[in-house]
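Step one of this worksheet: look at the structure below.
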Amino acid sequence: MQRTELATPALNGLLDFWLGKCSAGNPPVSSSISPVELRPWKDNIVIFEVIGEDDFVYSYYGRALAQAWGHSRLGHTLESLPEPQRAVLTAEYEAVMRERLPMARHYTGIFDGRRRTFERLVLPLSSDGVTVDKLLVAAYELPVGRTAPYRPFATPSTSRTPA
C-alpha cells in the first residue's frame, strides 16, 4: 500500500505524525500522543470515543471546526446528525475501525451561506495497541479551485502496515 499525498499540507503533516506513532503495523496507542504534540492541528480536529461497536461520542472539538459549522458537538453522538450525514460518517468510521487504516476524502457543502470544500482525514487510535476505540478526525478548508477528484486514501491489501 502506498501513502497518498493529500491536498492540505497540514493533513500531510498530521498523517506523517500518525505514521510515526504506529508500531508493528498497529494504530498508535492513544496514550502515546500528548495534547502538546497535537497543538499544530488542535483547532481543526475532533476526537471520537467509540462506545460499544457502533456509537461515536465527540470527546474533543476543535475551535476552527466549531466556527466553520456554527457550533460544537462536544459530548454529542452521531445520532444528533441528520440521517444522510450520519449514514455516511458511520460507514466511514466503521471502515476505519475495521481496516485500522486512515481514510481521507473531500466534501463540499453550504456553510454560512456559501459553498465550501473541506479535505478530511480520519485516523484510528487504540487504547490497547490493537482494538480501535478512538478516532482522530481532522478537516481543513480547501481554497476555491483547489479541489481534486476524489481518490480513495488507501486500498486495503494483505499487508497490515499503515500507508
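Read-outs: derived from the displayed coordinates by stated rules, not from any lab. Please read all numbers here as calculations on a predicted model, not as lab measurements. Here Cβ is always computed from backbone atoms with ideal geometry, including for glycine, and neighbour counts include all displayed protein chains.
Some observations on this one:
- For peptides 10-18, 35-43, sequence by mean Cβ density within 10 Å, most packed first: 10-18, 35-43
- Across the chain, the mean sequence separation of Cα contacts (distance under 8 Å, 6 or more residues apart), normalised by length, yields a relative contact order of 31 percent.
- Other residues with beta-carbon under 14 Å from the beta-carbon of Ala95 carry, at +1 per Lys or Arg and -1 per Asp or Glu, a net charge of -1.
- Whole-Å semi-axes of region 38-105's equivalent ellipsoid (Cα gyration tensor): 19, 15, 12
- FRET efficiency for Asp112 and Ser34, using Cβ-Cβ distance with R0 set to 30 Å, rounded to 0.05: 0.35
- A Cβ-based charge dipole, computed about the Cα centre of region 1-130 with Lys and Arg at +1 and Asp and Glu at -1, lands at about 520 debye.
- Ser80-Thr131 pseudo-label distance in nm [points 7 Å out on the Cα-to-Cβ vector]: 2.6 nm
- Exposure proxy order (Cβ contacts within 10 Å, fewest to most) of Arg105, Arg115, Arg120: Arg115, Arg105, Arg120
- Candidates Ile47, Ile33, Ile110, ranked by Gaussian network fluctuation over the chain, Cα under 10 Å, top entry: Ile110
- When peptides 135-141, 55-61 are sorted by average Cβ neighbour count within 10 Å, with the highest value leading, the order is 135-141, 55-61.
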